[in-house]
1. Within the set of pairs 6+ apart or on separate chains, which have a first residue in segment 17-33 that is open to solvent by less than 100 Å² (accessible area, probe 1.4 Å), a second that is in a helix (DSSP H, G or I), and C-beta atoms under 6 Å apart?
2. Return only the number of the condition from (1) among the hydroxyl-bearing types (Ser, Thr, Tyr); (2) at pLDDT below 90; (3) not in a loop (DSSP other than H, G, I, E, B) that Thr79 does not satisfy.
Amino acid sequence: MKTIAFLEDLLANPHKILAVIKDDLQQLKEEYWRRAPHRILVDVKEELHEEDLVKDEEVLISITERGYIKRVPSKTYRTQGRVGAALPA
């Protein structure tokens, strides 16, 4: 009954819902902030290039008739075990 009364009170007061969400987020922040290692590097001389942000992995590139291009990791495809049409080399 106590829980039901609390939840009904929350539903009747949107500001209390926001307060509960804020408290929950604060609790998560405190819990995970302590666990995660943090380092701030001040004198980093290395330049970061766009290519550095792309994961080095085997991919399949699909191009549709309309010109849309899609890049998908090859491990997301599974072997179907059936014969299909192959593109000319």
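1. Partner pairs satisfying both residue conditions: Ile17/Leu10.
2. With (1) among the hydroxyl-bearing types (Ser, Thr, Tyr); (2) at pLDDT below 90; (3) not in a loop (DSSP other than H, G, I, E, B) applied to Thr79, the lone miss is (3).
The values are calculated or read from the model by the stated rules, or taken from the named source; none is laboratory data. All values reported here derive from a predicted model rather than from experimental measurement. FYI the Cβ positions are ideal-geometry reconstructions off the backbone, even for glycines, and counts take in every protein chain you see. In case anyone asks, the SASA skips ligands and DNA or RNA and just uses the protein heavy atoms, side chains included. Shrake-Rupley method; radii C 1.70, N 1.55, O 1.52, S 1.80 Å.
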